[in-house]
2 protein chains.
Amino acid sequence: MCGACVMEEVKASMLSRRSLFGLGAAVGAAGLLGMGARPAAAAAPAAEPVTVSTISDLTHELSSEFPTFPGEPGFAMERKFGLEKDGFNLFVLTIDEHTGTHMDAPLHFSADGLSVAEIPVEKLMAPLAVIDIREKASANPDAQVTPDDIKAWISANGELPAHCCVAMKSGWSQHVATPKFRNADEAKVMHFPGFHVEALTMLIEDSTAVGIGVDTLSLDFGASPDFIGHKTWLPSGRWGLECLAGLDALPAKGATIVVGAPKHRGGTGGPARVFALT
Amino acid sequence: MCGACVMEEVKASMLSRRSLFGLGAAVGAAGLLGMGARPAAAAAPAAEPVTVSTISDLTHELSSEFPTFPGEPGFAMERKFGLEKDGFNLFVLTIDEHTGTHMDAPLHFSADGLSVAEIPVEKLMAPLAVIDIREKASANPDAQVTPDDIKAWISANGELPAHCCVAMKSGWSQHVATPKFRNADEAKVMHFPGFHVEALTMLIEDSTAVGIGVDTLSLDFGASPDFIGHKTWLPSGRWGLECLAGLDALPAKGATIVVGAPKHRGGTGGPARVFALT
């Protein structure tokens, strides 16, 4: 199913989506500890002090060639001033919010979820749990992060840290400059890894995770017919990051993610500068 | 002098600017320890470990109403998909790179300086030295950070930290929603504080500062006829941040700035999400 077809499917599923949003609202209420409502900043628990000495970049360079979910360019820049003529250089950018290494804010898939500017700043720095599914993703591009993968991470590393970000390390970022990043088949259905909805439900119910991240084009796996992961996770008030770079070099546990999300009023997300501190 | 007039002045000063760029290139070579050339990342000294427990936002919310240097809106968003119709929300953004809380990359004022995507990631996290000129800025909107202000900071706080960011705290961010932020007079000359070129030369020569930040619309003070601060600082290979928020709450010393600069190929800067870790 191509990107456009997926969008048609989303439209067609309005009824089920609405009921999901009902669930989402309930989950959102239950999940306030995880994400926090707008005024919750003052009530947020103090973060654990963390000692860091290095910064690494989890952000791909953005250009008009950067692959996008729908397949059309999502970024353009036009020179407005040039050094020789004007004394300085300046471009005007045209950006589809969901292009490049970018944030999905709750508002992307909900009527009244937090915009990207409304996400409390304390939720933009989080302990990072990196779930490595490279082996199964290498064998099967439709691989997903499942509850068993989360359980295996916990067995090896202990409980998920409070207010963490859970990132999928599928190895897919190595394909970013090739057609394999979208990996569309003859029917234009894409094939890349993502989070299984059952893993997301588990995180919502059993953790205080504030966000998730993927090194692919979508929180859902590429062949998803219905964006069920987006529809479950984002309306719960949590954020997502797509097209992360640099996860391959990070340990399963111990890094801290800092999400330089854009802050435009009413935005549903946008290109973000994302760092890992270790 | 209005923004357009300043731009005319910049064009008219091409000859002097060129000689400044000559100086800038020399300073840039001398300043490699401060900013690093493109391949210098591997040679960068290890950062001092820092222990942090809180994150605060140094970023203003961006919208079409955000004040700009030239006075015209620098940001627009247009809905491309809507929840009711399409199942999700998404906007396309049009952004003048130098709008909102944003980064000036060396390329903004140099022919071959680092683009915003090329600034080494280690230079985007830095100890923050906050120079408080609120008292004199309150009395005189044309106030500038001078060498004496830097000397006074050093007298009170010790040497500037290695590879730091030096920020001007003028108190001007409180005016962001009012005409006083631009503070244009009848002749359209703006009046707000900035860095004096002699302070920037001092930082280039006597410190390893990697960047500077201001809580106003320009690194130069508003009434500057010639962008001399930009022309001195940026071609030296260092970065600048304009329209910072939240500096008023920060101590003179002890915070760490993390600059979520955009990473578009060949960019001269752009809206950045900027944090202070303490």
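From the list B:VAL145, B:VAL92, B:VAL116, exactly one residue is among the hydrophobic types (A, V, I, L, M, F, W, C) and at the interface with another protein chain (Cβ under 7 Å from one of its Cβ atoms). Which is it?
Values: B:VAL145 fails: at the interface with another protein chain (Cβ under 7 Å from one of its Cβ atoms); B:VAL116 fails: at the interface with another protein chain (Cβ under 7 Å from one of its Cβ atoms).
After applying the criteria, what remains is B:VAL92.
Take region A:85-136 and flag every residue that is in a helix (DSSP H, G or I) and over 19 Å from A:LYS231 (Cβ atoms).
First, pick out the residues of region A:85-136 that are in a helix (DSSP H, G or I): A:85-86, A:106-109, A:121-124, A:134-136.
Once the filter is applied, which keeps residues that are in a helix (DSSP H, G or I) and over 19 Å from A:LYS231 (Cβ atoms), region A:85-136 yields A:LYS85, A:ASP86, A:VAL121, A:GLU122, A:LYS123, A:LEU124, A:ARG134, A:GLU135, A:LYS136.
Working carefully through the options B:ALA137, B:ALA184, B:ALA167, B:ALA126, find the one that is touching a Ser or Thr at 6+ places or on another chain (Cβ under 6 Å), modelled with pLDDT of 95 or more and surrounded by 16 or more Cβ atoms within 10 Å (Cβ to Cβ).
Details: B:ALA184 fails: touching a Ser or Thr at 6+ places or on another chain (Cβ under 6 Å); B:ALA167 fails: touching a Ser or Thr at 6+ places or on another chain (Cβ under 6 Å); B:ALA126 fails: touching a Ser or Thr at 6+ places or on another chain (Cβ under 6 Å).
Of the residues listed, the single one that is touching a Ser or Thr at 6+ places or on another chain (Cβ under 6 Å), modelled with pLDDT of 95 or more and surrounded by 16 or more Cβ atoms within 10 Å (Cβ to Cβ) is B:ALA137.
Within region B:49-79, how many residues are of a type in the set (D, E, K, R) and facing another protein chain (nearest Cβ under 7 Å)? Please lay out each step first, then the result.
Step one: of region B:49-79, the residues of a type in the set (D, E, K, R) are B:57, B:61, B:65, B:72, B:78-79.
Now narrow it down to the ones that are facing another protein chain (nearest Cβ under 7 Å): B:57, B:61.
The total comes to 2.
Would you please list the contacts, defined by Cβ atoms under 6 Å and residues six or more apart or on different chains, that run from a residue in region A:41-69 that is at pLDDT 95 or above to a residue that is assigned to a helix (DSSP H, G or I)?
Here the result reads A:ILE55/B:VAL121; A:ASP57/B:VAL121; A:PRO67/A:PHE181; A:PHE69/A:GLY3, each pair linking region A:41-69 to a residue that is assigned to a helix (DSSP H, G or I).
Could you list, in sequence order, the residues of region A:247-267 that are of a type in the set (Gly, Ala, Ser), part of a loop (DSSP other than H, G, I, E, B) and more than 26 Å from A:SER115 (Cβ to Cβ)?
Just the residues of region A:247-267 that are of a type in the set (Gly, Ala, Ser), to begin with: A:249, A:252, A:254-255, A:260-261, A:266-267.
Add one more test, that the residue is part of a loop (DSSP other than H, G, I, E, B), and what stays is A:252, A:254, A:261, A:266-267.
Those that are of a type in the set (Gly, Ala, Ser), part of a loop (DSSP other than H, G, I, E, B) and more than 26 Å from A:SER115 (Cβ to Cβ): A:ALA252, A:GLY254.
List the residue pairs whose Cβ atoms are under 8 Å apart, where the first residue sits in region B:159-172 and is in a loop (DSSP other than H, G, I, E, B), the second is surrounded by fewer than 24 Cβ atoms within 10 Å (Cβ to Cβ) and among the aromatic types (Phe, Trp, Tyr), and the two are 6 or more positions apart or on different chains.
Matching pairs, first to second residue: B:LEU160/B:TRP153.
I'm trying to understand the selection: among the residues of region B:243-264, which are under 15 Å from B:GLY171 (Cα atoms) and either of a type outside the set (D, E, K, R) or within 13 Å of chain A (Cβ to nearest Cβ) (or both)?
Hits for region B:243-264 are B:CYS243, B:LEU244, B:ALA245, B:GLY246, B:LEU247, B:ALA249, B:LEU250, B:PRO251, B:ALA252.
Identify, please: which residue in region B:180-204 is outside any loop (DSSP other than H, G, I, E, B) and in contact (Cβ under 8 Å) with a residue 60 or more places away in the chain and is, among those, nearest to B:ASP104 (Cα to Cα)? Spell out the reasoning first.
Initial filter on region B:180-204 (outside any loop (DSSP other than H, G, I, E, B)): B:180-181, B:184, B:190, B:194-195, B:197-204.
After this cut, where a residue has to be in contact (Cβ under 8 Å) with a residue 60 or more places away in the chain as well, the list is B:181, B:184, B:190, B:204.
Details: B:PHE181: 19, B:ALA184: 22, B:MET190: 20, B:ILE204: 17 Å.
Looking at the filtered set, the residue picked out is B:ILE204.
Considering only residues that are of a type in the set (A, V, I, L, M, F, W, C) and over 14 Å from the mean Cα position of the chain (by Cα), look in region A:101-118 and name the one that is surrounded by the most Cβ atoms within 10 Å (Cβ to Cβ).
A:LEU114
The values are calculated or read from the model by the stated rules, or taken from the named source; none is laboratory data. No experiment lies behind these values; they were computed from the predicted model shown. Here the Cβ is made from the backbone with ideal geometry for all residues, glycine too, and neighbour counts use every protein chain on show.
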